[in-house]
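Colleague: Here it is, the structure, as C-alpha cells.
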Amino acid sequence: MRVWRLAIAAAVGLLATTAGTARAQIGVVVSAASDYRYRGVSFSEGAPEGSIAVAWDDPGGVYAGAEVMGDSARGGRLLGHMEYLGYAKRVGGDVTLDLGATNIAYRPAYGGSADNPEVYLGLRKGVARLYAYYSPRYFTPGVKTLYLAADAGLPLARRWRLFGHLGLLETLTIPYGQAFGSRFDGKAGVGVNVLGGEVQLAWTTRRSEPSGPVRIRAGNALVVSVSRGF
Amino acid sequence: MTRAKFWALMALLLFWLAGTAPAVSATTGASAPSSERRLLVMLRLPPDHEGLGSDSGGGYGESPGHAARRRFAGGLAKANGLTVIDDWPMPLLGVDCFVMEAPEGRSAVETAERLSREKGVAWAQPVGLYRTGASPAGDTLYRFQPAARLWRLADLHQVATGRGVRVAVVDSRIQANHPDLLGQIETSQNFVTDHSLAAERHGTAVAGIIAARAGEGGGIVGVAPSSRLMALRACWQTGSAPGAPTLCDSLTLALALHYAVEHGAQVVNLSLSGPPDVLLGRLVDIAIARGATVVGAYDPALAGGGFPASHAGVVAVADAESAEARSPGVFAAPGRDIPTTQPGGRWFLVSGDSYAAAHVSGLFALMRERDRRARSGAALVATRGGGIDACASVLRAAGPCACGCARTENAVTAHP
C-alpha cells in the first residue's frame with residue numbers, strides 16, 4: 001500500500017504544482033449508476049452507487065486521477081476508491097501508447113477491504129484500444145493476474161455512441177491451492193450525450209464465478225448511469 | 001438510501017444537467033449566414049488514455065479532460081463576450097476545436113487574435129468562407145467527354161480503373177442514387193447544419209467526373225470508374241438558381257478533412273478555394289504526410305490561386321483553356337464544357353477549375369491503383385503544351401505494358 005500512497009501523493013503533488021497553469025486540464029466528474037460493476041463484478045452488490053472523480057491531464061501526456069465511490073446499500077458510505085497515474089504518447093498517426101499504474105480499493109459490505117494494484121500498457125488506435133494489466137495482488141494477497149482488455153467505441157451520430165468491451169482475466173500465481181480459472185467479462189451499451197452530460201445504458205456479463213475469498217455478485221446485469229463533468 | 005431514493009437522486013442529477021448545461025447547440029458544423037461571426041478556438045487535446053471514462057473499469061461517458069476543456073472554453077467565452085456553439089475534438093491535430101460566436105458588430109479576426117494569446121489556447125482563428133469555382137454551361141449532354149479524347153480514357157482504363165482506391169470528395173451533397181453513381185459511394189457524411197437531404201449540383205458533378213460507373217449508367221464514364229468515393233458534404237448550395245454559389249467554411253471543411261484522413265482516403269478532392277487557414281493547412285499537411293494526394297482547384301481571383309491550391313504539397317489544377325493553366329506549378333486539365341452527372345438523375349455540361357481538379361483526382365486514383373507511391377504532382381507527366389499527359393502518367397505508375405496507352409505519341413517531360 002505504501003507504494004500506492006506514494007503514487008497518489010505524487011499525483012496530488014503534480015496537481016498542486018500545476019493547478020495554477022492554464023496548460024494542465026483538471027476535470028471533475030459526478031456520476032450515479034444503478035450498479036457499480038468492475039470487470040463484470042458488482043462491487044455495490046447490485047445496489048445503486050454514486051461517485052465523484054477528479055482527473056488531471058497535461059497536454060504533454062502525463063495524467064493522474066482519483067475517484068471515490070459510495071453506495072446506497074450502506075447509506076452512501078465509502079464503497080471504495082481508485083487512483084491512477086500514467087503517461088500517454090502519440091506514436092504516429094492516430095496510435096497512442098499508454099502506460100501507467102492504477103489501484104482500486106473496495107470495501108465489501110460485510111467488512112474488511114481488498115485492493116488491486118496494477119500496472120498497465122495499452123495501445124489505442126482510432127476507436128479501438130487494447131490493454132494488458134498486471135496485478136501482483138488481485139484483491140487477494142499472492143494472487144498475480146494478467147488482465148487483457150479490448151474496447152471499442154463507435155460513434156453512431158453526433159451525440160450517440162455504441163461501446164463494447166471484452167476482458168480476459170488470467171491468474172498467473174495462485175496461493176493456497178485456490179481454484180482461480182480464466183474469467184471473461186463483457187460489456188456493451190449505448191451512450192447519449194445530453195445537456196452536457198452523458199446517459200449510458202450498458203449490459204455487462206461475466207463468465208465463471210470466481211472463488212476468491214471475497215463474496216461477489218457477478219453474472220449479467222443491465223446498468224443505467226448518468227455522469228456530468230465540470 | 002433506498003433504490004427509490006437513488007432514482008430520485010438520478011432524476012435530480014438529470015435536472016441539474018438541464019439547468020447547468022452550457023449554451024452548446026446540438027447542430028453540426030456551421031451554416032453560411034453566421035459564419036463571419038464565428039471563430040474556432042483550439043485547446044490542446046492530451047493523448048487519449050486509460051482512467052476515468054474508460055470502459056474497462058467503471059465506465060463513464062464523459063471524460064474529465066473533456067469536461068475541463070469545456071469548462072475552460074466556457075470561461076474564455078464568458079470573459080470575451082462570446083457564445084460557445086459546439087466543440088469537435090480533433091485528435092489528429094491534438095486539439096479540441098471549440099466553435100464560438102462573437103456578438104453582432106465584433107470582429108472575429110481581432111477576437112481570434114486576442115484569444116490566440118491566452119494560455120492554454122493552441123490558436124484561434126476566424127471561420128473562413130470558401131466557394132467552389134464552377135458555372136453550369138447548358139443543359140445538353142455532349143456525346144463525348146473531353147477527357148475521352150484528350151486523355152484517351154478507354155486506353156487508360158485498359159491499364160487502371162482506380163480499383164480499390166478511396167477518393168474523398170469534399171463538396172456539396174452528391175446524388176448517391178444517380179444512375180451513373182449507383183454503388184460508387186462507399187461512405188456518405190454530412191458536416192453541414194442544415195440537414196438538407198437534397199442532392200446538390202457541384203458535388204454531384206465532381207463525383208461523376210471522378211467515378212461515374214462505366215457501361216451501365218448510360219451517361220458518362222468517370223476517369224476512375226472503379227474507385228470508391230467518400231462523399232463528404234462540407235459545402236452547401238445557396239439556392240436553386242443555376243448560378244447560385246456553393247459555399248463551405250473552415251469548420252465544415254476541417255471536419256470533412258479530419259474524417260477523410262482518419263478513414264484512409266488516398267485521394268482528397270478539394271474543388272474549392274478561399275483564404276489561407278491554419279486549421280485546414282495543418283489537416284492538409286497531415287493528409288499528405290499520411291500518403292494522401294490532395295488535389296485543389298486553382299482560383300485566379302485569389303493570391304497564389306487561393307487555399308488549398310497555394311498550399312505546399314497540394315496538386316493545384318486549373319482549366320486547361322484558362323490563362324492560369326500556364327502558371328508555374330499549376331497543372332492543366334479539361335475543365336470546359338464537361339458533361340457530367342447532375343441532381344435528378346440528369347446530366348449537364350459544366351465548366352470551371354473545380355472540374356479540372358476532379359479530372360486530376362480521378363487520374364491520381366488510376367495512378368495509385370498501379371503504384372501507391374504516385375502521390376504528388378511530381379508523379380504527373382506533362383505534355384509539351386503544358387497539359388497533363390494522362391497516358392504517360394498512368395504508364396509511369398504502371399510500368400511497361402502492351403496497352404493502348406503505350407502508343408502515346410506525346411513527348412514526355414517532367415512538369416516544371
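Colleague: Please compute the contact order of the stretch B:184-342 in relative form: average sequence separation of alpha-carbon pairs under 8 Å and at least six residues apart, divided by the residue count, as a percent.
Modeller: 19 percent
Colleague: Residues with beta-carbon under 14 Å from that of residue A:87, excluding residue A:87: net charge, scoring Lys, Arg +1 and Asp, Glu -1?
Modeller: On the way: positive: A:89, A:90, A:124; negative: A:57, A:58, A:98, B:48, B:50.
With Lys, Arg at +1 and Asp, Glu at -1, the net is -2.
Colleague: Taking every DSSP beta bridge that has both residues in the stretch B:230-326, what percent is antiparallel when rounded to the nearest 5?
Modeller: On the way: 4 of 11 bridges.
The antiparallel fraction comes to roughly 35 percent.
Colleague: Net charge within 9 Å of residue B:273 by Cβ-Cβ distance, Lys/Arg positive one each and Asp/Glu negative one each, not counting residue B:273 itself?
Modeller: Cβ neighbours under 9 Å give a net charge of -1.
Colleague: Here's another thing I want to ask about it. How much net charge surrounds residue B:302 when only other residues with a Cβ under 12 Å from its Cβ are counted (Lys, Arg +1; Asp, Glu -1)?
Modeller: -2
Colleague: Which residues in the stretch B:228-246 have a backbone N closer than 19 Å to a point placed 7 Å from the Cα of residue B:163 along the Cα-to-Cβ line?
Modeller: Flagged as within label range: B:228-229.
Colleague: Straight-line reach from residue A:144: which lysines fall under 29 Å, measuring Cα to Cα and dropping same-chain residues less than 8 apart?
Modeller: A:89, A:125, A:187
Colleague: A follow-up question, please. Please list, in order along the stretch B:118-125, the HN-Hα scalar couplings obtained from phi with the Karplus expression 6.51 cos²θ - 1.76 cosθ + 1.60 (θ = phi - 60°), rounded to whole Hz, x for Gly and Pro.
Modeller: Rounded to whole hertz, the list is 6, 5, x, 9, 5, 6, 9, 8.
Colleague: Expressed in nm to one decimal, what extension gain is obtained for the pair residue B:118 and residue B:326 from 0.36 nm per residue of sequence separation less their Cα-Cα distance?
Modeller: That works out to 70.5 nm of additional length.
Colleague: If you don't mind, there's one more thing I want to ask. Check cross-link reach from residue B:78 to the lysines: straight Cα distance under 19 Å, and skip same-chain residues fewer than eight apart.
Modeller: The reachable lysines, counting only those whose Cα sits under 19 Å from residue B:78, are B:119.
Colleague: Taking amide H positions as placed in the peptide plane 1.01 Å from N, state which residues far from residue B:235 in sequence (5 or more) or on other chains have amide H under 5 Å from it.
Modeller: Result for residue B:235 returns B:171, B:172.
Colleague: Let me ask something additional. Where in the stretch B:177-195 does the label zone of residue A:162 land, with the point 7 angstrom along Cα→C-beta and an amide N cut-off under 20 Å?
Modeller: What the label zone holds, given the 20 Å backbone N cut-off, is B:186-190.
No value in this document is a laboratory result; all are computed from the given coordinates. Since this is a predicted model, take the numbers as computed values, not measurements. Cβ: placed from backbone, ideal geometry, glycine included. Neighbour counts: every protein chain shown.
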